[in-house]
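What follows is one structure encoded as structure tokens, with my remarks underneath.
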Amino acid sequence: MLSYYKLDSINTFDWLSNQVKFQMTNNRDGRSTKSVVLKIGGLHCEGCANNLRNALKSVEGVTETDLDFGRQRATVVFRPEQADEAKLRKTIRDAGYLAR
């Protein structure tokens, strides 16, 4: 169910579907990136966040990660031609955490 949609002057699309937020941006170099905010289960400390951050950064196409163990969420920016949400969720599971 689509609950929020916005197009602004920087060619950015935002939408919120259930508990996952997506953002698609066309960069000045013409290449697009997509960001996704995922709820993560099992993040208990900064060490957990660092382990998961390193795992996500190892995925080809991931350009940026931000993990918040206090809120149990991960924000991942990636190039959609190289990675997708399914690959990110698999990486999270393989690292020993839950992607909700």
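Annotations for the structure displayed:
- Applying a threshold of 6 Å to beta carbon distances and a minimum spacing of six or more residues, or different chains, the list of pairs starting in the range 39-66 at a residue that is touching a residue at least 60 places away in the same chain (Cβ under 8 Å) and surrounded by 16 or more Cβ atoms within 10 Å (Cβ to Cβ) and ending at one that is of a type in the set (Gly, Ala, Ser) and assigned to a strand (DSSP E or B) reads 40/74.
- Complete set of residues in the range 40-87 that are over 13 Å from residue 99 (Cα atoms), in contact with a strand residue (DSSP E or B) (Cβ under 6 Å, 6 or more places away or on another chain) and in a strand (DSSP E or B): 62, 63, 64, 65, 66, 77, 78
Each reported figure results from applying straightforward, stated rules to the coordinates on display, with no laboratory input. Note that the structure is predicted; figures quoted are calculated from it, not measured. Quick reminder, even Gly has a Cβ in these numbers, built from the backbone with ideal geometry, and neighbours come from all protein chains shown.
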